Amino acid sequence: MKYQVFFSKQPVFTLEELDAALESRGSPSSKKRKAMLAYYRKQGRLIMVRRGLYAVVPEGMDPDTAPVDPFLLAGKMTPDSILAYHTALQFHGKAYTVRNDFHYLSRTKSVP
């Protein structure tokens, strides 16, 4: 599997999504996946947002200043998260103000 193709289709992804994509091409070992993630993080192509959640840095950008879609992040913070309240209004363009905090609802307890 070409990782660049996966990165272009999934700007924010979880380990479960990566594993599903890798399994469709032949299941690699978790050791190989760990090495691949470490390689791309060292190259500055991936940012680990939290354990199991990664954001892709666009080609040629600095990882410290690369833009990451906050709506995608909020939607993937837990397996069942959904955008809520003012965040959902902002996403749909119905909010009258712009805020920098993004709320989501989940039945799963999230680690801060």
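The values are calculated or read from the model by the stated rules, or taken from the named source; none is laboratory data. Please read all numbers here as calculations on a predicted model, not as lab measurements. Because the Cβ atoms are built from the backbone with ideal geometry, glycine has one as well, and the counts that use them run over all protein chains shown. Heads up: the accessible areas ignore ligands, DNA and RNA and are worked out on the full protein's heavy atoms, side chains in. Shrake-Rupley method; radii C 1.70, N 1.55, O 1.52, S 1.80 Å.
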Self-check item: In nm, spacing of pseudo-spin labels at residue 35 and residue 9 (7 Å Cα→C-beta vector)
Solution: 2.4 nm
Practice problem: Read phi for every residue in region 98-110 and hand back ³J(HN,Hα) as whole Hz from Karplus 6.51 cos²θ - 1.76 cosθ + 1.60, θ = phi - 60°, with x for Gly and Pro. | Solution: 9, 10, 9, 10, 10, 9, 9, 10, 7, 8, 8, 6, 9
Quiz item: If you line up the long axis of helix 30-43 against the longest principal axis of the chain, both from Cα atoms, how many degrees apart are they, to the nearest 10?
Solution: 70 degrees
Quiz item: Do any GluC sites (Glu not before Pro) in region 11-112 lie in a DSSP loop with no more than 14 other beta carbon atoms within 10 Å, and if so, which?
Solution: 59
Quiz prompt | Rg to Rh, two decimals, where the chain supplies the alpha carbon set and Rh follows Kirkwood | solution = 1.00
Exercise. Give the carbon-plus-sulfur fraction of the accessible surface of region 1-61 in %, rounded to a whole number; probe 1.4 Å, heavy atoms of protein chains only.
Key: 50 percent
Quiz item: Mean separation of Cα pairs under 8 Å and 6+ residues apart, divided by the residue count of the chain: what relative contact order is that in percent?
Solution: 21 percent
Self-check item: Backbone HN-Hα couplings from phi across region 75-90 [Karplus 6.51/-1.76/1.60, Hz, Gly and Pro as x]
Solution: x, 10, 5, 9, x, 10, 6, 9, 5, 9, 6, 5, 4, 5, 5, 4
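With an 8 Å Cα cut-off and a minimum separation of 6 or more residues, compute the relative contact order for region 69-111 in percent.
47 percent
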Quiz item: Against the longest alpha carbon principal axis of the chain, how many degrees, from 0 to 90 and to the nearest 10, is the axis of helix 15-24 turned?
Solution: 50 degrees
Self-check item: 20 Å Cα cut-off, lysine pairs counted over the chain (separation 8 or more, or different chains)
Solution: 9
Quiz item: Hey, can you rank 76-85, 35-44 by average C-beta count inside 10 Å, highest first?
Solution: 76-85, 35-44
Practice problem: Taking the dipole about the Cα centre of the chain, with the C-beta of Lys and Arg at +1 and of Asp and Glu at -1, give me whichever of 20, 100, 7 is farthest to the positive side. | Solution: 20
Quiz item: Which cross-chain or sequence-distant (5 or more) residues have an amide H under 5 Å from the amide H of residue 95, H modelled 1.01 Å from N in plane?
Solution: 90
Quiz item: What accessible area per residue comes out for the chain, rounded to a whole number of Å², with a 1.4 Å probe?
Solution: 71 Å²
